[in-house]
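One structure below.
The values are calculated or read from the model by the stated rules, or taken from the named source; none is laboratory data. As the structure is a prediction and not an experimental result, all values here were calculated from the model. With ideal geometry, Cβ positions are generated from the backbone for all residues, glycine too; neighbour counts draw on all protein chains shown. Remember, those area values only see protein heavy atoms, side chains included, never the ligands or the DNA or RNA. Shrake-Rupley method; radii C 1.70, N 1.55, O 1.52, S 1.80 Å.
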Amino acid sequence: MEVPVTDGSWGSWSHFGTCSRTCGGGIKTAIRECNRPEWSPTYVVLMKDRCKLFCRVAGSTAYYQLRDRVIDGTPCGQDTNDICVQGLCRQAGCDHVLNSKARRDKCGVCGGDNSSCKTVAGTFNTVHYGYNVVVLIPAGATNIDVRQHSFSGKSEDDNYLALSSSKGEFLLNGDFVVTMSKREIRIGNAVIEYSGSDNAVERINSTGRIEQELLLQVLSVGKLYNPDVRYSFNIPIEDKPQQFYWNSHGPWQACSKPCQGERKRKPICTRESDQLTVSDQRCDRLPQPAPITEPCGTDCDLRWHVASRSECSAQCGLGYRTLDIYCAKYSRLDGKTEKVDDSFCSSHPKPSNQEKCSGECNTGGWRYSAWTECSKSCDGGTQRRRAICVNARNDEKVTIQKCSEFSCPEWKSGDWSECLVTCGKGHKHRQVWCQFGKDRLNDRVCDPETKPTSMQTCQQPECASWQAGPWGQCSVTCGQGYQLRAVKCIIGTYMSVVDDNDCNAATRPTDTQDCELPSCQPPPAAPEARRSTHSAPRTQWRFGSWTPCSATCGKGTRMRYVSCRDEDGSVADDSACATLPRPVAKEECSVTPCGQWKALDWNPCSVTCGQGRTTRQVVCVNYSDHVIDQSECDPDYIPETDQDYLSQNPFLNEDYHPRSISPSRTHVLGGNQWRTGPWGACSSTCAGGSQRRRRVVVCQDENGYTANDCVERIKPDEHRACESGPCPQWAYGSWGELCGGGLRTRLVVCQRPSGERFPDLSCEILDKPPDREQCNTHACPQDAAWSAGPWSSCSVSCGRGHKQRNVYCMAKDGSHLESDFCKHLAKPNGHRKCRGGRCPKWKAGCSVSCGQGVRRRNVGCQMGTRKTARETECNPYTRPESERACQAPPCPLYAWRAEEWQECTKTCGEGSRYRKVVCVDEERGGEVHGVHCGMSTRPVDRESCSLQPCEYVWITGEWSECSVTCGKGYKQRLVSCSEIYTGKENYEYSYQTTINCPGMQPPSVQPCFLRECPVSATWRVGNWGSCSVSCGVGVMHRSVQCLTNDDQPSHLCPADLKPEERKTCHNIYNCELPQNCKEVKRLKGASEDGEYFLVVTGKLLKVFCAGMHSDHPKEYMTLYMTLVHGDSENFSEVYGHRLHNPTECPYNGSRRDDCQCRKDYTAAGFSSFQKVRIDLTSMQIITTDLQFARTNEGHPVPFATAGDCYSAAKCPQGRFSINLYGTGLSLTESARWISQGNYAVSDIKKSPDGTRVIGKCGGYCGKCAPSSGTGLEIRVL
């Protein structure tokens, strides 16, 4: 766009300088510049405009073209080495030399060999809420690649990558604010690219070299799924020894007491270079820092807890009961208690274990009918039952409860495979199956409408492709030569040029081709040559394509055009080519035969009994069935004319026809023939098998009637091998090479030899090779790297050839190593193409292109115009000369020319400077290739330069406004360290690291206080306390306070808005019904064990009372599902089988009696439960009470407990079942199980309503049991 006319305006005044005199009168000056608007250069997107000068007005997004071209040497873009020359973008290397192929290696070194750095890689999958430190990326790192894989394979994830400086200043995704779109972050000369959080694989990557430390973190929020972070980067190799130190911020150790205790952080030995935790032996000789401590267990107290009360000693009236008291940890957060050792409560006096009680003197309650069937089989239904009150009126009601709240069968899917293409658009696959619990079902059981897709498209990086430019001019002006064109590997919309290795070498277009211009005219012959005999002209035979055959069947002829041509391509007389062999112009041709064989009927046998012979006539007929000459039929397919014959009595079988004893070898054309049906289905879907025809192979005559004399030898097969292809097999790639300890992986897929992939279930799943394994086969070599020798000379002196060099793995000390030690590095090429120059061709003209040469021609002795004679038959004195001197243009002179040195690369200290050195043609003045001048005499183009020492100074910006409008806040400013050096007329600055500046860094943050904030206060209320009575009408209280914003007591709250502090409460409990079995004994005088109605948390519940004859009866809950289903419900099991190879998990984790096992686990057992004991005070199931449990084999196993010693490969076999259906109770959400032992794992599934729990637990050896902290807490439905 055109630059609009804008009047400039004056900028801001500078600060006043020093006084011009030290005493007396003087002046101070300040300056300002005409710099409004302020312009700043900017790069544009369009490729064609890359070398035009565009500038942007400061503070706006508009930009304008100010010049047609930028200054020569300006980079074409921010991410390329190419530079602008005379307004055009020219290819350049990282050494800033035009047409250079120099590239930066993975260490960021221009033209380097990847030996100056090493790769640091790792993973991170620990989750804590907030920001979690992954790794510290040191200054000087290159090729940073960080990926965070979503736990679900979708873009919605609760883990996000974040970057901050080593000072804690966030560069990406800080302050819990996440960027969803793509973003670029510039740090010095390096650009870090961020994919945005809206991706299944979140990525941070950069190829440049970063000049400051970066702290990689992961932000975990939401449901706190474990992140999956994988990172790698290259760091410079340092020669100094590694340093270690004690890091006092290690993991927290256990609390000294369950409540109100203290815990300490364990110091860990850390390597300075990469902050990796190492063995404590590395820091043995270093003093340990003072431990970091903090209070722990502050949310709980230790107190004596009344666990249970026995029944009252009196059934009616005053009595006493005993208390079960133990030391408990009381949670201040939720009021729950957990039993601990009594020694923890030794500082408090233990209460008395007896208290007074009063027995109830009446009874009553509801009686229930059986529940109806559930309205739904899964995903939640309802069922009903009748309840009758045992009183004078027999009141009746209908109760409803939820049932079948376990999930219906649902679709499950596996992980997506890798994309089947390496670039562009492709597909990836995954398995999809129907599952219920742990079992896989037929797909028909699940809803087909909701079946997830098993294939989806995937987009890999854009494919690179070859681009060929236009052909250049022919290398000669006449005759045969060659021409060249540029062939580049490009990628993307803007056709960025990339390395040729990124394109397919097999499809590379040719960059050279032959060209032919009109033939060069021979030089005029000398006068004596004109008078001599003419030399023989150069001629050749030329011929065209064959005509079609003259016959459509049988034999015919075909012709082509043949002519004699001279060296100009013109038609010459045939006699001029008489000395050359003439190509044929006519030849016979053969097409399909014109006739077919026809066999007539067999003649009678030569004998009437026994073995004889029979004959028949075979003729050649055309397609009109007329007899023609036998030469018109194919002699290789003539039917048999005679055969052996076994004669029988003709009167026994008049329909008997002769059959061949020895099988015939040909098919009878025009007579009887074999007829076949279609092939049947294959007996196997892969790996061969056999197919049968759907009907028998029959012999029929020309009219389709059954015949008996078809030739057996050519009878078609009734069986053939299937073409179903081979069965898919497991295929796997090579292991990734690691050393020094670690994990290596490989790709394992189910596929056919052709490469066609199948789901894993199509192969034998038990034979699947492992795709990962631990490796620690050899120590990592120190600084091993590929080393290459010098290139050999080109294999040819002209044309295209190749050169080679030795490439070997070398240690830092120069010794040769095995190639395996360098496998993790890219190996340099040992072969490359070369061109030895154009091969010479015999041409008319001088033998040289410049200077003195010779011209040659053929001279021969000839009789007449055709016949060649020996040279002795011609007069030797009149023989024309065959060679003469010639003078080509003078040869050019070449010399090296060096331009002026450029400015030093540094403004102070040690630097370097460059100059341009080119080879020039001194006559023409043009630049030519350096080989013409000789590389040994080339002047140097780089030298070191030493300037005055560097000076540094702190630069501070203006203070910002206060962060608050009232009260205490802060303001901040920019503080940086800059290098100062003298320019043309003033000082100029460039940013440096803070360590270079002298003295302390000026503060960048300071407090500020504007004014006092106005005071406001509000009423705040606490929770309601418990009711003052256990039954009937009572009161309950809560706290009400007037507090300011700083939580200070105040009198500013309006009194008329004060909330109430007390209110009446009506306890719904029936004060006359028993609340435990002891009260049943006291109130009802019952002494027999049985089912009784109790009031539990305000609801009527049927409970089994046991031990009613004693003073301390116990409460049990009858498990009705055990009565219905037997041992398949409410059981606990410790599985007794143990695998011979505990590192496996055979049969996909399913249990089989024919496993490779031994049954010798001594802790094995199986217990089923008809009743479980319940603690009505803490509302928990006492799992260790086995009074109503039946142990079928082995040792008794507590309720809700399972385990095994089967496998160490996450393959649990121990099981337990809880089914509280029909009891009126369910487990609360706080019920938890913990895994104990070696390699212990558990798989616990709870129904949504808490009435059903199924668990699988085990290890080697391991088990699971309810957590002692939560227990099996229950609630009344």
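Some points to look at:
- Rounded accessible area of Arg1190 (nearest 10 Å², 1.4 Å probe): 110
- Of the trypsin sites (Lys or Arg not before Pro) found in region 415-509, those that fall in a DSSP loop while having at most 15 other beta-carbon atoms within 10 Å are Lys438, Arg485.
- Cα shape, region 189-292, gyration tensor, a/c 1.5 rule: oblate
- Ranked by the mean number of other Cβ atoms within 10 Å per residue, highest first, peptides 1113-1125, 346-358 order as 1113-1125, 346-358.
- When the charge dipole of the chain is built from unit charges on Cβ atoms (+1 for Lys and Arg, -1 for Asp and Glu) and taken about the Cα centre, the candidate among Ile388, Leu947, Ala1202 whose Cα reaches farthest toward its positive end is Leu947.
- Nearest-10 value in Å² for the accessible area of His626, using the 1.4 Å probe: 110
- Normalised per residue, the accessible area of region 50-182 is 56 Å², obtained with a 1.4 Å probe and no contribution from ligands, DNA or RNA.
- For region 25-66, a simple Cβ point-charge model (Lys and Arg +1, Asp and Glu -1, everything else neutral) yields a dipole of about 40 debye relative to the Cα centre.
- Förster radius 25 Å - calculated FRET efficiency between Asp79 and Ser232, Cβ distance, rounded to 0.05: 0.75
- Across the chain, the mean sequence separation of Cα contacts (distance under 8 Å, 6 or more residues apart), normalised by length, yields a relative contact order of 5 percent.
- Euclidean distance of C-alpha centroids, region 568-643 and region 1108-1123, integer Å: 107
- Annotation for His816 and Leu1043: the two label points, set 7 Å from Cα along the Cα-Cβ direction, are 8.0 nm apart.
- Candidate lysines for bridging to Lys971, where Cα separation is under 23 Å - those fewer than 8 sequence places away on the same chain excluded: Lys167
- Taken about its Cα centre, region 1102-1253 carries a charge dipole of roughly 140 debye when the Cβ of each Lys and Arg holds +1 and the Cβ of each Asp and Glu holds -1.
- The charge dipole of the chain, taken about the Cα centre with unit charges on the Cβ atoms of Lys, Arg (+1) and Asp, Glu (-1), comes to about 760 debye, rounded to the nearest 20.
- Percent RCO, i.e. relative contact order, over region 127-197, from Cα pairs under 8 Å lying at least 6 residues apart: 16
- Overall form of region 41-150 per C-alpha gyration tensor (a/c, 1.5; a/b vs b/c): oblate
- Accessible area per residue, Å², region 1163-1204 with all protein chains present, probe 1.4 Å: 38
- Residue (of Ser220, Gly208, Cys89) at the positive-pole extreme of the chain, dipole from beta-carbon charges: Cys89
- Note on exposure: Arg1038, Arg186 ranked by accessible area (1.4 Å probe, complete protein assembly) read Arg186, Arg1038, with the most exposed listed first.
- Orientation-averaged projection of region 139-180 equals 4.0 nm² [convex hull of Cα atoms, one quarter of hull surface area].
- Among Gly319, Ile137, Leu1225 the positive-end extreme of the charge dipole of the chain (Cβ point charges): Ile137
- Oblate is the label for the chain, because the ratio a/c of its alpha-carbon gyration tensor axes (a ≥ b ≥ c) is 1.5 or higher and a/b is not greater than b/c.
- Separation between Cα centres of region 925-969 and region 1163-1207, rounded to whole Å: 77
- Inter-label distance, nm, simple model (7 Å from Cα along the C-beta direction), Leu224/Arg744: 3.8
- Surface composition of the chain: carbon plus sulfur atoms hold 49% of the accessible area, using a 1.4 angstrom probe and ignoring ligands, DNA and RNA.
- Averaging the Cα positions of each part gives two centres, and for region 883-912 and region 406-438 these lie 65 Å apart.
- Secondary structure note: in the chain, about 100% of the DSSP beta bridges are antiparallel.
- Ranking of Arg1138, Arg757 by solvent-accessible surface, largest first: Arg757, Arg1138 (1.4 Å probe, protein heavy atoms only, all chains present).
- Relative contact order (%) - region 1118-1275, alpha-carbon pairs under 8 angstrom, separation at least six: 26
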